[in-house]
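The values are calculated or read from the model by the stated rules, or taken from the named source; none is laboratory data. Predicted, not measured: the structure shown is a model, and the values here were computed from it. Cβ atoms come from the backbone with ideal geometry, glycine included; neighbour counts cover every protein chain shown.
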């Protein structure tokens, strides 16, 4: 099966809630009614309840209880609410995938998104864009396991979907990798071309025809997430650290204590533990 065929099967595309579809459409439209989105979210009892739990989570450090969807939109901003709803919608659309540990997979995506956002913020880059990419970058893996399970099953036996060498194995075996499938889905959903292009090259940012800083920040986030989720040893962390991508971003490896030559006296330059950095956002995938 070729790459296009993976997303050219309406019956095997994820079924996304109406409000999620409207939020996806907002990527390519400047005519977005916040009132309409709030009304649609409020009408979806389960989704609005989850959004309010997220808005009141430790991640956002709110000083008072957020009690309505409208308040959440005003406090968090439309882009962050869109991210939270899309993440939740995707988790709901892919509920059972043979050959994948979905709990681990979504934790990895969340860790990627929050790690990349933390790094991007420190570099004064578009942190919301990076968070979106980090959260959504792995959906191609879900699509592949849904549409061509017989083709990916042998790959799963060789190595897990989160293995650092998995992208190359998919390219060698299938002729494409999960990131390219993610980009095709994003294009189908009318995501902006810059976001689609970045998603296509997150796995191999230095191989892109045109360098995408957004893709590179998310790539660094995938490394940090993989280290945590797979419990990589310090030696394996050092071996797999994307040195060249870090250099392109002018990023010193001291942001992670494992690779720092010596820990700084001021630990504000170190990324917080991921459980702390993502506290409360796990609700998105329940």
Selected residue (only one of 141, 150 is surrounded by fewer than 17 Cβ atoms within 10 Å (Cβ to Cβ) and modelled with pLDDT of 90 or more): 150
Residues that are surrounded by fewer than 20 Cβ atoms within 10 Å (Cβ to Cβ) and more than 20 Å from residue 16 (Cα to Cα), drawn from segment 177-202: 193, 194, 197
Filtered residues of segment 33-52 (kept if part of a helix (DSSP H, G or I) and surrounded by 16 or more Cβ atoms within 10 Å (Cβ to Cβ)): 37, 38, 40, 41, 47, 48, 50, 51, 52
Yes/no for residue 3 being under 30 Å from residue 227 (Cα atoms), surrounded by 20 or more Cβ atoms within 10 Å (Cβ to Cβ), touching a helix residue (DSSP H, G or I) at 6+ places or on another chain (Cβ under 7 Å) and modelled with pLDDT of 80 or more: no
Qualifying residue in segment 92-101 (condition: in a helix (DSSP H, G or I), under 19 Å from the mean Cα position of the chain (by Cα), under 14 Å from residue 283 (Cβ atoms) and at pLDDT below 85): yes
Qualifying helices (runs of 4 or more DSSP H) (wholly inside segment 193-286; at least 1 residues being more than 20 Å from residue 160 (Cα to Cα) and under 14 Å from the mean Cα position of the chain (by Cα)): 193-200, 213-229
Any hit, segment 143-161, residues being under 14 Å from the mean Cα position of the chain (by Cα) and in contact (Cβ under 8 Å) with a residue 12 or more places away in the chain: no
Residue within segment 79-90 that is in a loop (DSSP other than H, G, I, E, B) and at pLDDT below 85 present: no
